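Below is one structure, written out as structure tokens, with a few remarks after it.
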Amino acid sequence: METTQTKLVVTSVKNGVMTMELTFDPGNCYTHEMMRQIDEAILKARFDEKVHVIVIRGSGDKFFCAGADINMLKTADPTFKYYFCLHANETLNRLEQTPKLVIAALNGHTVGGGLEIALAADIRLARRDAGKIGLPEVALGVLPGTGGTQRLSRLIGKSRAIELMATGRTFSFEEAEEIGLVNQVLDRDGFFEQVIEYARQFLPPQKAARAVGRIKRAVCSGIEMPFGEALALERELQQQLFQSEDAHEGLAAYVEKRTPHFKAK
């Protein structure tokens with residue numbers, strides 16, 4: 001097991017899963033420095049061939065992330081705020097475009113910029129009765145400025161997204177599951193162990209991790225393209241997979257009526 005300790009983001013890699021833990025008091029709020037460390041961790045995961053799934057969580061059991069550090073924003077000048085938001089957008093775009101599955105483990109309150117981080121993940125798993133979720137930025141006289149207006153509307157639809165952001169309402173993880181914002185709500189006890197067990201299903205040898213990553217790329221990139229261009233992207237990604245060892249193994253296992261043994265190659 002490889003572990004790296006930084007001031008604001010703790011990363012560890014074990015059995016194909018990289019865990020990124022957000023650590024900041026109070027509320028695991030993010031600063032520019034934390035976002036830079038998240039960015040660095042994303043790049044590290046991209047280049048590490050041993051990493052197939054990324055799991056993001058908050059430290060402790062009260063917060064996943066309560067968003068940007070308000071005290072920092074209150075004292076920062078407008079130029080800094082602009083570039084702070086720009087870099088945060090770039091970081092979450094990089095997370096969304098990384099061809100490895102990203103799971104947000106919502107272990108506590110997930111509000112404001114914290115939800116915007118979670119929206120850039122592919123799958124959101126929440127801990128039952130652990131906190132509230134929502135985008136309440138309107139109460140501060142601003143909007144969700146780290147991709148929230150765009151990702152939330154794409155995920156749950158325009159009308160419902162506008163209503164949630166315009167009211168600034170926060171709500172339970174169970175309600176979030178009902179509207180498709182959260183994929184699953186898991187039991188409180190052993191929550192993170194359940195998340196890791198869920199993540200393992202996407203790892204080799206059971207699953208072709210390269211295919212999972214290309215499915216993600218086809219969806220995340222293709223959904224923003226005209227249909228014909230998205231189909232062209234799909235064909236290119238499929239051609240890459242046809243040349244992989246895992247595709248040869250999968251096809252052979254099907255013909256031979258046996259369980260495939262994938263290597264993420």
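For residue 85, the solvent-accessible surface with a 1.4 Å probe is about 50 Å², rounded to the nearest 10.
Once all protein chains are placed together, residue 216 keeps about 10 Å² accessible to a 1.4 angstrom probe. At a 1.4 Å probe radius, carbon and sulfur cover how many percent of the accessible area of the chain? Whole-percent figure for carbon plus sulfur exposure: 54. Taking Cα atoms only, the orientation of helix 227-242 departs from the longest principal axis of the chain by about 50 degrees.
Let me spell out the model: positive unit charges on the Cβ of Lys and Arg, negative unit charges on the Cβ of Asp and Glu, origin at the Cα centre of the stretch 138-224. What dipole size does that give, in debye rounded to 20?
Dipole about the Cα centre, nearest 20: 640 debye.
Per residue, the stretch 208-264 exposes 68 Å² of solvent-accessible protein surface, assessed with a 1.4 angstrom probe and all protein chains in place. With contributions of -39500 (n - 2.57) from each DSSP H run of at least four residues, the per-residue ellipticity at 222 nm computed over the chain stands at -14500 deg cm²/dmol. Accessible surface for the stretch 116-171, divided over its residues, is 45 Å² per residue with a 1.4 Å probe. In this structure the stretch 1-95 gives 52 Å² per residue of accessible area when probed at 1.4 Å with all protein chains present. Simple point charges give the picture: +1 on the Cβ of Lys and Arg, -1 on the Cβ of Asp and Glu, and for the stretch 57-208 a dipole about the Cα centre of about 260 debye. Each peptide among 194-202, 127-135 gets the average number of other Cβ atoms lying within 10 Å of its residues, and from highest to lowest they stand as 127-135, 194-202.
The values are calculated or read from the model by the stated rules, or taken from the named source; none is laboratory data. Please read these numbers as outputs of a predicted model, since none were measured by experiment. Backbone-built Cβ (ideal geometry, glycine too); neighbour counts: all protein chains shown. To get the accessible areas, we keep the full protein, side chains included, count just its heavy atoms, and leave off ligands, DNA and RNA. Shrake-Rupley method; radii C 1.70, N 1.55, O 1.52, S 1.80 Å.
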